[in-house]
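Here's the structure we're looking at; comments come further down.
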Amino acid sequence: MTSQLDDIRFALTRLHPIPEEVLGADDVAALLEEMRKFTEGVVEPHRLEADRQGARFEGGEVRCPPAYRDIYAKWIEAGWQGLPADEAHGGQGLPFALAAAMKELLTTADHAFSLCPTLTWGAVELLERHATEDQAGRLLPPLVSGEWNGTMCLTEPQAGSDLSTVRTRAEPLGDGRYALHGQKIYITYGENDLAANTLHLVLARLPEAPAGSRGISLFACPKLKADGSRNAVRCGGIERKLGIHASPTCIMLFEGAEAELIGEPHRGLPAMFAMMNNARLQVGIEGVAAGARALHLATAYAEGREQGGKPIARHPDVARMLAEMRATTLAGRFLALEACVAADAARAGVAGAEEKLALLTPIVKSWCTDRGVAAASLGVQVHGGMGFVEDTGAAQVLRDSRICPIYEGTNGIQALDLVTRKLPRDQGATLRAMLAAAVAEDARLGPAAEALEGATSRILAASPAEVAATATAYLEACGWFLGAAQLARAARLEPAYGPIASFYMARLLPRAVAHCQEIAGADEVLALIA
């Protein structure tokens, strides 16, 4: 069986290759190997200890697990934080797809720790696109180096997924400065003792702003001002959570905190989507990483645990569970990296890349995270009772992975985005081209492609209520089919993937057809809420 690193390297050099003129295959392999050494040698050994200790809120300050301070210092010393950032601001200018692959390795090592660097990557991308030249010169270098971490401050107690009800207000102070007043919740690493400063990217309303989402502006608000004094923003507490215990999820109180406007007034939500779309792909990769960690633990346990005179890995039902974990994780990895390569191509202006990225983003976020949770649950099952207790780490993977289908837009919202925005924008042309290409790759995909083609036509012709009632089933069908297509192509390029591709075709691809059949049941769903 190929390793996680083998699979990522194969994806970025053969399956969905980073262009040689951007980065050579040998360089891709070398960088991935260095990240593997860092994550396995520096990050992973502390994951169980950090989970047990958790983040703590003491005397108005947040204390991360002690090991994290040393890990973070080594992270920024090694220069990993600046990997995908523009060289003009101290970055290395490497492809987003490579950073995403490294994100998988980092999250596999410790999900909770990985969230701090991930959000900073998103903040850097947002500022690269929307900051003025002066703002970029001041704000980007410390974020790119990792001296500062970045946050995304959207959610409020009354404004979860519906950001049109945001109440945080921004009062002009003159000289381009604003005072922020309001409360934000669920802010990852909003307060921490890892970075020297934290830059909050905050959605708020200017005076006399239009109602709804069109009246929201975006602001940059540092914890520490330029003179080193503390800004009027503080942590009001951290959440007690099911998982990711070592990652502080903060309630942030803005009490007249000084900030500056990013981008145009009342255009904050479109600007924030640069960070949100980055984050959605990254969360999809967190789902892949959960599957990778669960598979690693379950395989090692099953190969070493004897029952009935042989390792349980050789018992057919355990072998089935391990194969499903392997197949879905591999398919999700390849699908996510295809989306990330498309993101790089879209930024380079390659024709058709933006359309592919737009279509794949909600699928990667939703399907890959649901598969991550399922793989983590199967991992616990493979361990049996040893998985239900905390000693093996299998339970931690399940607890940590459960947030992924929820944050950065719940998976139900991703499904609605797919069927109400992404699919209709070209009447399904991008998806249909992918269906045709997949069937040309492997004829076994034909029946599922036909079912998905029919489901696509039905979705495009359905009423808004019917579309909403069957959106999740449609996204799931797309995910299962596109996952199969990834493995079919991988098997053609590399025979080592043939057995797992055949397992997927026989045991998992029928789920795509089953979900397509669900789409005819919209009336039954709507009757429940009539």
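The values are calculated or read from the model by the stated rules, or taken from the named source; none is laboratory data. Keep in mind the model is a prediction, meaning the values are calculated, not measured. Don't worry about glycine lacking a Cβ; one is built from the backbone with ideal geometry, like all the others, and counts go over all protein chains shown. Note: areas computed on protein heavy atoms with side chains; ligands, DNA, RNA excluded. Shrake-Rupley method; radii C 1.70, N 1.55, O 1.52, S 1.80 Å.
A few notes on this one:
- Pairs linking a residue in segment 315-335 that is over 15 Å from A376 (Cα atoms) and part of a helix (DSSP H, G or I) to a residue that is at pLDDT below 95 and open to solvent by 30 Å² or more (accessible area, probe 1.4 Å), with Cβ atoms under 6 Å and 6 or more positions apart or on different chains, do not occur.
- Where L5 falls short, out of the listed (1) open to solvent by 30 Å² or more (accessible area, probe 1.4 Å); (2) under 26 Å from P499 (Cα atoms): (1)
- The residue that is nearest to P95 (Cα to Cα), among those in segment 336-358 that are open to solvent by 30 Å² or more (accessible area, probe 1.4 Å) and among the charged types (D, E, K, R), is D344.
- So A289, is it part of a loop (DSSP other than H, G, I, E, B) and buried (at least 21 other Cβ atoms within 10 Å of the Cβ): no
- Taking the criterion of being surrounded by 23 or more Cβ atoms within 10 Å (Cβ to Cβ) and farther than 26 Å from T472 by Cβ, the residues of segment 485-500 that qualify are A490, Y497.
- Residue check, T456 part of a helix (DSSP H, G or I) and under 17 Å from G521 (Cα atoms): yes
- Failed item, numbered, when E147 is tested on (1) out of contact with any Gly (no Cβ under 8 Å at 6 or more places or on another chain); (2) surrounded by 24 or more Cβ atoms within 10 Å (Cβ to Cβ): (2)
- Listed here are the helices (runs of 4 or more DSSP H) enclosed by segment 84-165 that have at least 2 residues being closer than 30 Å to P210 by Cβ: 111-130, 133-145.
- Test: residue in segment 53-72 that is open to solvent by 10 Å² or more (accessible area, probe 1.4 Å), touching a Lys or Arg at 6+ places or on another chain (Cβ under 6 Å) and not in a helix (DSSP H, G or I): yes
- Taking the criterion of being outside any helix (DSSP H, G or I) and in contact (Cβ under 8 Å) with a residue 60 or more places away in the chain, the residues of segment 22-47 that qualify are V22, L23.
- Among all positions in segment 396-415, there is at least one residue which is in contact with a His (Cβ under 9 Å, 6 or more places away or on another chain) and either open to solvent by 50 Å² or more (accessible area, probe 1.4 Å) or among the polar types (S, T, N, Q) (or both).
- Taking first residues from segment 355-382 that are farther than 11 Å from C404 by Cα and partners that are in a helix (DSSP H, G or I) and charged (D, E, K, R), the Cβ contacts under 6 Å between residues at least 6 apart in sequence or on separate chains come to A358/K422; L359/K422; T361/R280; P362/D417.
- Subset of segment 125-151 [under 30 Å from A376 (Cβ atoms) and at pLDDT below 95]: E125
- Failed criterion for Y301 (all others in (1) free of Cβ contacts under 8 Å to residues at least 60 places away in the same chain; (2) surrounded by 16 or more Cβ atoms within 10 Å (Cβ to Cβ); (3) in contact with a helix residue (DSSP H, G or I) (Cβ under 8 Å, 6 or more places away or on another chain) hold): (1)
- Residue within segment 482-493 that is at pLDDT below 95, in contact with a Lys or Arg (Cβ under 7 Å, 6 or more places away or on another chain) and assigned to a helix (DSSP H, G or I) present: no
- When segment 515-530 is filtered for residues that are assigned to a helix (DSSP H, G or I) and either more than 14 Å from L475 (Cβ to Cβ) or open to solvent by 50 Å² or more (accessible area, probe 1.4 Å) (or both), the ones remaining, listed by number, are Q517, E518, A520, G521, A522, D523, E524, V525, L526, A527, L528.
- The single condition among (1) farther than 23 Å from G54 by Cα; (2) out of contact with any Phe, Trp or Tyr (no Cβ under 7 Å at 6 or more places or on another chain) that A204 does not satisfy is (2).
- Selection count where residues are among the aliphatic types (A, V, I, L, M), within 12 Å of L337 (Cα to Cα) and in contact with a Leu (Cβ under 8 Å, 6 or more places away or on another chain), scope segment 351-365: 2
- Tally of residues being surrounded by fewer than 24 Cβ atoms within 10 Å (Cβ to Cβ) and under 15 Å from R280 (Cβ atoms) across segment 365-391: 1
- Enumeration of residues in segment 439-448 that are open to solvent by 10 Å² or more (accessible area, probe 1.4 Å) and under 28 Å from the mean Cα position of the chain (by Cα): none
- Pairing residues of segment 228-248 that are without any contact (Cβ under 8 Å) to a residue 60 or more places away in the chain and farther than 15 Å from C64 by Cβ with residues that are of a type in the set (G, A, S) and crowded, with 20+ Cβ neighbours inside 10 Å, at Cβ distances under 8 Å and at least 6 apart in sequence or on separate chains, gives N231/A257; A232/A257; V233/A257.
- The set of residues in segment 203-222 that are over 19 Å from P172 (Cα atoms) and either surrounded by 15 or more Cβ atoms within 10 Å (Cβ to Cβ) or in contact (Cβ under 8 Å) with a residue 60 or more places away in the chain (or both) contains only S213.
- Residue ID - nearest to I519 (Cα to Cα), chosen from residues in segment 455-484 that are open to solvent by less than 10 Å² (accessible area, probe 1.4 Å) and in contact with a Gly (Cβ under 7 Å, 6 or more places away or on another chain): T456
- The single condition from (1) open to solvent by less than 30 Å² (accessible area, probe 1.4 Å); (2) of a type in the set (S, T, Y); (3) out of contact with any His (no Cβ under 8 Å at 6 or more places or on another chain) that Y178 fails is (1).
- Answer residue from segment 248-265, given it is surrounded by fewer than 23 Cβ atoms within 10 Å (Cβ to Cβ) and outside any strand (DSSP E or B) and is nearest to the chain's Cα centre (by Cα) among those: G263
- Residues of segment 397-419 satisfying the condition of being among the aliphatic types (A, V, I, L, M), closer than 17 Å to A294 by Cα and over 15 Å from the mean Cα position of the chain (by Cα): V397, L398
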